[in-house]
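The values are calculated or read from the model by the stated rules, or taken from the named source; none is laboratory data. It should be emphasised that the depicted structure is a prediction, and the values quoted were computed from it without experimental measurement. Note: ideal-geometry Cβ built from the backbone for every residue, glycine included; neighbour counts use all protein chains shown. Remember, those area values only see protein heavy atoms, side chains included, never the ligands or the DNA or RNA. Shrake-Rupley method; radii C 1.70, N 1.55, O 1.52, S 1.80 Å.
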Amino acid sequence: VNAEFIHEHWIPDFFTVNVSVFGNPKKGTRISDTFAGIDFNGYAHGNLTVSGSNQTYWVDGDVQVNDCIINLSKNFYDEPVEDPNDYIINMKLRSGTGVEFFWPTQKLPVLRAYADRNQTVTINLDSSSQVFNIDGNVNFKGGDIFYFSNNFFIREGNLFFHENQDKFDPRITVNAEMRTINMRLGITLALCSVLSAPCRLLAHTAETDTV
């Protein structure tokens with residue numbers, strides 16, 4: 001980690017810290033934390049700028065995540081903890097290699113998807129006005145849908161984020177399939193598809209067919 005600290009007085013009225021995160025040259029620095037209601041467990045590298053003035057702090061960054069497991073925090077819907085400071089966050093997250101998204105949780109997933117590389121999600125947060133936005137479109141390159149004890153393999157799909165402080169329910173479009181071997185019928189192909197449905201309704205909107 002490289003950092004540069006800029007201030008104008010011994011007791012600064014305003015400060016800026018520029019941080020470059022490197023760590024492992026292929027993966028980045030290890031992270032395991034909750035950010036803007038989303039759990040991250042993996043690696044990241046990129047650039048951050050942290051600024052502050054009186055009781056307001058700004059965080060701006062462009063970060064790539066690698067070998068990372070992502071899911072909605074179990075505390076996402078809890079009431080926010082009161083903080084005397086205000087935070088303004090503007091982050092751009094880009095997917096590198098080995099990025100997995102679980103819904104709703106990693107322990108009991110309905111969806112496990114592998115993000116394609118160079119997918120971008122932006123996070124904007126202003127605690128003073130309680131405004132929160134997540135926007136992005138993440139394409140899948142594989143994964144699984146666990147549907148009524150069946151495991152469908154994702155062939156194509158995407159996850160669309162247009163979320164705010166009032167609603168967090170990304171929409172998913174996915175095509176998946178399951179191949180089974182029957183001694184009488186041979187190989188049976190079962191298809192599972194979802195067309196632009198909220199993630200919370202994934203198990204209820206999936207359509208299956210056998211060919």
Practice task
Go ahead and run the numbers for FRET between TYR57 and PHE146, Cβ-Cβ distance against an R0 of 35 Å, rounding to 0.05.
Solution key: 0.30
Fill in the blank from the handout: Scalar couplings 3J(HN,Hα) for the stretch 54-70 by Karplus 6.51 cos²θ - 1.76 cosθ + 1.60 (θ = phi - 60°), nearest whole Hz, x for Gly and Pro, are 6, 10, 10, 10, 10, 10, 10, x, 9, 10, 9, 10, 9, 6, 10, 9, 10
Handout entry: For the stretch 108-176: accessible area per residue (Å², 1.4 Å)
Key = 52
Practice task
Give me the distance in nm between label points sitting 7 Å out from Cα along the Cα-to-Cβ direction at LYS167 and ARG117, one decimal.
Solution key: 3.5
Practice task
Go ahead and run the numbers for FRET between LEU108 and ASN47, Cβ-Cβ distance against an R0 of 45 Å, rounding to 0.05.
Solution key: 0.80
Exercise for the section: Could you work out how far apart the two model spin labels at TYR87 and ASN133 are, taking each label as a point 7 Å from the Cα in the direction of the beta carbon, and quote it in nm? Expected result: 1.9
Handout entry: Percentage relative contact order, the stretch 82-185, counting C-alpha pairs under 8 Å, at least six apart
Key = 20
